[in-house]
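Participant: Here it is, the structure, as structure tokens.
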Amino acid sequence: MSDVVRSRPVYGTPGYKTLLGRVRSNVRALIRKQLELPRQEIAEIVRANLNAAKFFAIAAIFGLLVLITLVVLVIALIAIFLPWWLSALIVMLLCAVLAGLFGYLGSKRLELHGPTRSVSSLKETVQWAKARLLGRSAS
């Protein structure tokens, strides 16, 4: 036989204060986890696309070099008919207008949105917690 002495708990069932304390700590832990989810989601996306981003950066550098070479070529072609300074000014103004135009068009098409999965999960959790704390059904 074992020599372990089993003592009975002082209270048969936990009181309301203890239960509410447990609920409060569990809800806090759940909300902490819900707030952690967007960070994890974004970190996963960044990790998955890091190598692709490196190659895009290298391609962008070479593309920029091609663009610089093209601009020099256009200036040289215009310089056949006009002075160098005027051909460079014309190409610079053309590039400025195009940069402004495409920047404006890009800003109009830009769609920024957050991690939708995390937001909907957080809303569901808040709804569930309210229902549980107020004693209503979760549906």
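The values are calculated or read from the model by the stated rules, or taken from the named source; none is laboratory data. Because the structure is a prediction, the values reported are computed rather than measured. Please note: Cβ atoms are built from the backbone with ideal geometry, for glycine as well, and neighbour counts cover all protein chains shown.
Participant: Could you list all residues from region 106-139 that are loosely packed, with under 10 Cβ neighbours inside 10 Å and either modelled with pLDDT of 90 or more or not in a helix (DSSP H, G or I) (or both)?
Facilitator: Leu110, Glu111, Leu112, His113, Gly135, Arg136, Ser137, Ser139
Participant: With the condition kept exactly as written, say whether any residue in region 36-46 is among the small types (Gly, Ala, Ser), loosely packed, with under 11 Cβ neighbours inside 10 Å, at pLDDT 90 or above and under 27 Å from the mean Cα position of the chain (by Cα).
Facilitator: Kept after step one, since they are among the small types (Gly, Ala, Ser), are these residues of region 36-46: 43.
Then drop every residue that is not loosely packed, with under 11 Cβ neighbours inside 10 Å, which leaves 43.
From what is left, the residues that are at pLDDT 90 or above are none.
No, region 36-46 contains no residue that is among the small types (Gly, Ala, Ser), loosely packed, with under 11 Cβ neighbours inside 10 Å, at pLDDT 90 or above and under 27 Å from the mean Cα position of the chain (by Cα).
Participant: Among (1) among the aliphatic types (A, V, I, L, M); (2) surrounded by 10 or more Cβ atoms within 10 Å (Cβ to Cβ); (3) under 23 Å from Pro38 (Cβ atoms); (4) at pLDDT 80 or above, there is one condition Leu67 misses while meeting the rest; what is its number?
Facilitator: (3)
Participant: I've got another one for you. Could you please let me know if Val74 is at pLDDT 85 or above and either assigned to a helix (DSSP H, G or I) or under 30 Å from Arg32 (Cα atoms) (or both)? Outline the logic, then answer.
Facilitator: On the way: at pLDDT 85 or above: yes; either assigned to a helix (DSSP H, G or I) or under 30 Å from Arg32 (Cα atoms) (or both): yes.
Yes: the conditions hold for Val74.
Participant: Another question, then. Consider region 1-30. How many of its residues are hydrophobic (A, V, I, L, M, F, W, C) and modelled with pLDDT under 60?
Facilitator: Taking region 1-30 and keeping what is hydrophobic (A, V, I, L, M, F, W, C), we get 1, 4-5, 10, 19-20, 23, 27, 29-30.
Adding the requirement that they be modelled with pLDDT under 60 leaves 1, 4-5, 10.
Of the residues in that region, 4 qualify.
Participant: Considering (1) over 18 Å from the mean Cα position of the chain (by Cα); (2) surrounded by 11 or more Cβ atoms within 10 Å (Cβ to Cβ), say which one Ile61 fails and leave the rest.
Facilitator: Unmet for Ile61, out of (1) over 18 Å from the mean Cα position of the chain (by Cα); (2) surrounded by 11 or more Cβ atoms within 10 Å (Cβ to Cβ): (2).
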